[in-house]
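K.L.:
There's a structure below that I have some questions on.
The values are calculated or read from the model by the stated rules, or taken from the named source; none is laboratory data. What you see is a predicted model; the values in this text were computed from it and never measured. For neighbour counting, all protein chains shown are included, and Cβ atoms are generated from backbone atoms with ideal geometry for every residue, glycine included. The protein model used for the area step is the full one, side chains on, heavy atoms only, and it has no ligands, DNA or RNA in it. Shrake-Rupley method; radii C 1.70, N 1.55, O 1.52, S 1.80 Å.
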Amino acid sequence: MSRTKSAQWYARACESIPGGVNSPVRAFRGVGGEPLFFASGDGAWLTDVDGNRYVDYVGAWGPLILGHRHPAVIEALERQLEKGLGYGASTEAEVELAETVCRLLPSIEQLRLVTSGTEATMSAIRLARGFTGRDVVVKFEGCYHGHVDGLLVKAGSGALTLGTPDSPGVPGGYSELTHVLPYNDTPALEAHFAAHGEQTACVIIEPVAGNMNCVPSQAETLGRLRTLCDEHGSLLIFDEVMSGFRVAPGGAQSMYGIDPDLTTLGKVIGGGLPVGAFGGRRDIMSHIAPQGPVYQAGTLAGNPLAVAAGLATLEVIQTEGFFDTLAARTGGLLGEMRRLGKAASVPFSTNQAGAMFGLFFSGEDSIRSFGQVMAGNIEHFRKFFHAMLENGVYLAPSAFEAGFLSAAHGDAEIELTLRAAEKAFAAIGD
Ligand code: KE4
C-alpha cells in the first residue's frame, strides 16, 4: 500500500501541530511508523488520503457504534443545518437528549451536557468535592478519565502509550489528593477506606476499563466498592464515557446491576460530534450552578448539531436486538481470532464487553489486571497491528486501547478481518 500522501501531510502537520496530531494516541507512537491521514468514512470502512481502504475497528475511539455516516444521523444533521448551527441558548433537543439518557440510565436523575469526556469527569470530580466537602479522589492504575490535571496520575490510554502516565505540569499538590489503587483488587479497596475513607470525596472508575485495553471489572470487587463508598459517605462515579451505550443499552451499570452516584458519558452520546455529559442523583446534581454553588459552564454545551447526532444515534441503538446482534458478532470474531492465534502457536487472548473488545498477546486466558496487560508481548502487538493494516484492517494504534465493532460491520468485513488476522499471526511467527 502506498502511503505517500499520508507521509506528506504528516510532515506538513508536524510544522504547525505538536507531534503532527491533535491527540497523542493518534500518533502511532505505540506501534511505530507514521500516522495515517484519512479522507472519508462510510459504514464500517475508512479511506485514507492515498485511497487505501480499511475495515475500521477504532470508530473515532468509540462514538461511531452505528458506523460512519449512518443515514439517520446524516438526516438529523441536515434537518438541524436548515435551522442553524447553535444559539448559545436552550433548545428542545437538549431536553429530549437529557430525558432519553435519564430513561436509559435510571441512576441518572439529572444530567448536564458538556462537550467532551474530560469536561464531564472534571466537572463530576468538582461536584463530588463540593457536595462532600472532602478533597481526596481515588482512581485506578491504567484507567484514563481525560486529561484532567488531578487524574493524570498513572493514567491509561495515550499517557500509557507515551510512557507518561504521570504528566509534567500537574502540581504535586494535585496528585497528592489523588490516590491510585490497583484495578480489580478488593484488598486494596479495603485498605484505602480503612485509612482514608473519611477524607475520600469520590472514587472514579471505568466499570469496564478501555484505556489499558479492554479489562472489565470483577463483579464482586465493584460490588464491594459500592458498599465501601456507602459506608464512608464517598461518592461512586462510573466513568462510562466509553462503556456507556457501548456495552449495553443501560451501560456497564446495567450489566453489573450497580447504581453509581454519578456517571460520566461521552462518545456514543454525541454520535461522532462533541458531546459529553455528567449526571446522577438529583440531590447531588442540585449543587451544580445555577441551581447550586458548584460552578460549571460551557459555550457549546448542548450544541444543537451535536445533540441532533446524539439523539439520532440513541434512537437507533434502542431498536430491538441491536446490542445482542452486536455482541454476538463481536464474540464470533474474537472466537475465530483466538482459533487462528492458537493455530499459529501465538500466545493470544481476548476480552469482550458487549461491542467493545481487547486483543492481548499473552498466554494468560483471562486478563483482569493492569499488571497482566503490561506483561503482554508488545512487540507481537506491533507486528500484528502493521500486518493487519497492510491487509486492510485498521486497529487502534496502541496495545492499550480497546477495539470497537459497529452495526455496519457485516459478514464481508468480518471475513476480511479474519483473513487478515491469519496473515498477521503468521507474520508474528516469522
Ligand atoms: P475526551 O475528553 O477525549 O472526549 O474523553 C476523555 C475520556 C474520559 N473517560 C474515558 C473512559 C475515556 O475513554 C476518555 C477518552 N478515551 C480516549 C480513547 N481511549 C480518547 C482518544 C484520545 O485521547 O484521542
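K.L.:
When you scan the range 220-234, do you find a residue that is open to solvent by 10 Å² or more (accessible area, probe 1.4 Å) and within 26 Å of Phe361 (Cα to Cα), even just one?
P.N.:
Yes - at least one qualifying residue is present in the range 220-234.
K.L.:
Moving on to the next point. Just to be sure before I move on: is Ala344 open to solvent by less than 60 Å² (accessible area, probe 1.4 Å), modelled with pLDDT of 95 or more and either closer than 17 Å to Phe245 by Cβ or among the charged types (D, E, K, R) (or both) in the structure I sent? Steps first, please.
P.N.:
Values: open to solvent by less than 60 Å² (accessible area, probe 1.4 Å): yes; modelled with pLDDT of 95 or more: yes; either closer than 17 Å to Phe245 by Cβ or among the charged types (D, E, K, R) (or both): no.
Taking the combined requirement at face value, the residue does not satisfy it.
K.L.:
In contact with a Pro (Cβ under 9 Å, 6 or more places away or on another chain) and either in contact (Cβ under 8 Å) with a residue 24 or more places away in the chain or over 24 Å from Leu300 (Cβ atoms) (or both): which single residue out of Ala159, Ala124, Ala128, Ala120 fits that description? Please lay out each step first, then the result.
P.N.:
On the way: Ala124 fails: in contact with a Pro (Cβ under 9 Å, 6 or more places away or on another chain); Ala128 fails: in contact with a Pro (Cβ under 9 Å, 6 or more places away or on another chain); Ala120 fails: in contact with a Pro (Cβ under 9 Å, 6 or more places away or on another chain).
It is Ala159.
K.L.:
What pairs come up if the first residue lies in the range 64-89 and is without any contact (Cβ under 8 Å) to a residue 40 or more places away in the chain, the second is not hydroxyl-bearing (Ser, Thr, Tyr), and their beta carbons are under 6 Å apart, counting only those six or more places apart or on different chains?
P.N.:
Sorted first by the residue in the range 64-89, then by its partner, the pairs are Arg69/Asp42.
K.L.:
Just checking, how many residues over the range 138-150 are more than 9 Å from the ligand (Cβ to nearest atom) and open to solvent by less than 10 Å² (accessible area, probe 1.4 Å)? Before the answer, list the steps.
P.N.:
Filtering the range 138-150 for residues more than 9 Å from the ligand (Cβ to nearest atom) gives 138-142, 149-150.
Right, trim to open to solvent by less than 10 Å² (accessible area, probe 1.4 Å) and you get 138-140, 142.
Adding up the residues that qualify gives 4.
K.L.:
Can you list the strands (runs of 3 or more DSSP E) lying wholly within the range 1-91 that have 2 or more residues being within 16 Å of the ligand (Cβ to nearest atom) and open to solvent by 20 Å² or more (accessible area, probe 1.4 Å)? Talk me through it step by step, then tell me what you get.
P.N.:
Working: elements: 38-42, 45-48, 53-56.
Ranges flagged: none.
K.L.:
Let me ask something else. Considering only residues of the range 235-255 that are part of a helix (DSSP H, G or I) and hydrophobic (A, V, I, L, M, F, W, C), which is surrounded by the most Cβ atoms within 10 Å (Cβ to Cβ)?
P.N.:
Filtering the range 235-255 for residues part of a helix (DSSP H, G or I) gives 251-255.
Still in the running and hydrophobic (A, V, I, L, M, F, W, C): 252, 255.
Details: Ala252: 28, Met255: 19.
Top of the filtered list is Ala252.
K.L.:
Quick check on my filter: what residues within the range 118-136 are among the charged types (D, E, K, R) and crowded, with 22+ Cβ neighbours inside 10 Å? If you could, list the steps in order and put the result at the bottom.
P.N.:
As a first pass, look at the range 118-136 and keep what is among the charged types (D, E, K, R): 119, 126, 129, 134-135.
Selection gives Glu119 alone.
K.L.:
So how many residues does the range 236-252 have that are under 12 Å from Ala277 (Cα atoms) and among the β-branched types (Val, Ile, Thr)?
P.N.:
Adding up the residues that qualify gives 1.
K.L.:
Do we find a residue being modelled with pLDDT of 95 or more, acidic (Asp, Glu) and within 16 Å of the ligand (Cβ to nearest atom) anywhere in the range 238-257?
P.N.:
Within the range 238-257, one or more residues are modelled with pLDDT of 95 or more, acidic (Asp, Glu) and within 16 Å of the ligand (Cβ to nearest atom).
K.L.:
Now a separate question. Are there any pairs with C-beta distances below 7 angstrom linking a residue in the range 318-342 that is polar (S, T, N, Q) to a residue that is surrounded by 19 or more Cβ atoms within 10 Å (Cβ to Cβ), with the two at least 6 apart or on different chains, and if so which?
P.N.:
Within 7 Å, the pairs are Thr330/Gln352; Thr330/Ala355; Thr330/Phe357; Thr330/Leu405.
K.L.:
Would a scan of the range 286-300 turn up a residue that is open to solvent by 20 Å² or more (accessible area, probe 1.4 Å) and closer than 24 Å to Pro207 by Cβ?
P.N.:
Here is the first cut: in the range 286-300, the residues open to solvent by 20 Å² or more (accessible area, probe 1.4 Å) are 286-287, 290-291, 293, 295, 297-300.
Next, only the ones that are closer than 24 Å to Pro207 by Cβ stay: 287.
Yes, some residue in the range 286-300 is open to solvent by 20 Å² or more (accessible area, probe 1.4 Å) and closer than 24 Å to Pro207 by Cβ.
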